[in-house]
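The values are calculated or read from the model by the stated rules, or taken from the named source; none is laboratory data. This one's a predicted model, so the numbers in the text were calculated from it and none came from an experiment. Using ideal geometry, Cβ is built from the backbone for each residue, glycine included, and neighbour counts are taken over all protein chains shown. All accessible areas refer to the heavy atoms of the entire protein, side chains included, with ligands and DNA or RNA removed. Shrake-Rupley method; radii C 1.70, N 1.55, O 1.52, S 1.80 Å.
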Amino acid sequence: MSNAPQRLLLLCKHSGERNLALDQACYLLRKYLKRPWGLLALSGGLLSNINVLENLWLIPSWQNNQSSTEILTNLQSILSQLNINEQNAAKLLAARPANLSNTETRVALLLRALLLSPEILLIDHDWFLGLKQVDRDLYQRALPLLAHCDWWVFSDDIEAPSNDAAWSTQDALIFLAEQIPSSS
C-alpha cells in the first residue's frame, strides 16, 4: 500500500453503470485484492427487516469473524469519536432502516464501514455529496476516521467531490478491469 491514501474519482456514464461498477468493485476486492473495504452507498445498504444495530453486527461478524463483544466495543469507540451521544446512538441503533432520515442512514452506513477497519472505501457519489453538502458537521467529525483509507468515489459527474484532496480521475470500468491480477 502506498503512503498517501488515493482519492479516485471513478467516472461512470450513468447511474446504472455506477451501480454495476460498485458491485464489481465489491467482488474484485473480496475475490482478488483481499483488502479490507467498506461500502458507503445510500441504495441497498441496510436490510429493512432488522434494526440498525443488527445491520451493523451482520457484516463484521460474518465477513471478519468478529465476536459480538469486539463489534460492540469498536462501535462504542466509533460513536464516541464521532461525538454521537448515548441517547442519539440508542435511538439510531434501535431504529429500522425505513424509519431513518437521510442523515441517519449516512451515519449508519458510515458506522458499518468503519466497523470493518477498511483500507478502501467504495463511495457512491450521491452518498458523498449528501455528506459534504447537507451533513458537513458529520463529514468533519468523520474525516479523521476516514483519512487513512483510499477513497474510490463512483460518479456520473466529472466534478471532484471535494477540493480538500488531490483527485485522480479515471473511467470506472477500465480502472476495475486493470485491478484484476493477470494470473486470474
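Which value, in debye to the nearest 20, describes the size of the charge dipole of segment 68-144 about its Cα centre when Lys and Arg Cβ atoms bear +1, Asp and Glu Cβ atoms bear -1, and nothing else is charged?
Once rounded to the nearest 20, the dipole reads 140 debye.
In terms of Cα to Cα distance under 14 Å, which aspartates and glutamates are near enough to residue 91, apart from those fewer than 8 places away along the same chain?
54, 104
What is the packing order of peptides 121-128, 31-38, taking the mean over residues of other C-beta atoms within 10 Å and listing the highest first?
Sorting 121-128, 31-38 by mean packing, highest first, produces 121-128, 31-38.
For a test of the definition: using alpha carbon positions, the gyration tensor, and the 1.5 limit on a/c, classify segment 11-107 as rounded, prolate or oblate.
Verdict is oblate for segment 11-107.
Once you list every other residue whose beta carbon is under 11 Å from the beta carbon of residue 35, what net charge do they have if Lys and Arg are +1 and Asp and Glu are -1?
Value of the local net charge: 0.
Running a GNM on the chain with Cα contacts under 10 Å, which residue among 85, 102, 55 ends up with the highest mean-square fluctuation?
Among 85, 102, 55, the largest mean-square fluctuation in the Gaussian network model of the chain belongs to 85.
Run the reach check for residue 34 against aspartates and glutamates, Cα to Cα strictly under 17 Å, same-chain hits fewer than 8 apart removed. What comes back?
23, 119, 150, 178
Keeping every protein chain present and rolling a 1.4 Å probe, give me the accessible area per residue for the chain in Å².
So the chain comes to 52 Å² accessible per residue, rounded to a whole number.
What area, in nm² and to one decimal, does the C-alpha convex hull of the chain cast on average over all directions? Can you show the working numbers first?
Working: hull surface 42.7 nm².
Seen from a random direction, the Cα hull of the chain projects 10.7 nm² on average.
Based on the mean of other Cβ atoms within 10 Å per residue, sort peptides 5-14, 134-143 so the most packed one is first.
Top to bottom by mean Cβ count within 10 Å: 5-14, 134-143.
With each run of n ≥ 4 DSSP H residues scored as -39500 (n - 2.57), what mean residue ellipticity at 222 nm is computed for the chain after dividing by its residue count and rounding to the nearest 500 deg cm²/dmol?
Values: 8 runs with 91 residues, N = 184.
Calculated mean residue ellipticity at 222 nm is -15000 deg cm²/dmol.
Leaving ligands, DNA and RNA out of it, report the carbon-plus-sulfur percent of the accessible area of the chain at a 1.4 Å probe.
Solvent-exposed carbon and sulfur of the chain make up 51 percent of the total.
What's the magnitude of the charge dipole for segment 1-79 around its Cα centre, counting Lys and Arg as +1 and Asp and Glu as -1 at the beta-carbon? Answer in Debye, nearest 20.
Dipole of segment 1-79, to the nearest 20 debye: 360 debye.
Under 27 Å from the Cα of residue 13, which lysines turn up, not counting those fewer than eight places away in the same chain?
List returned: 31, 132.
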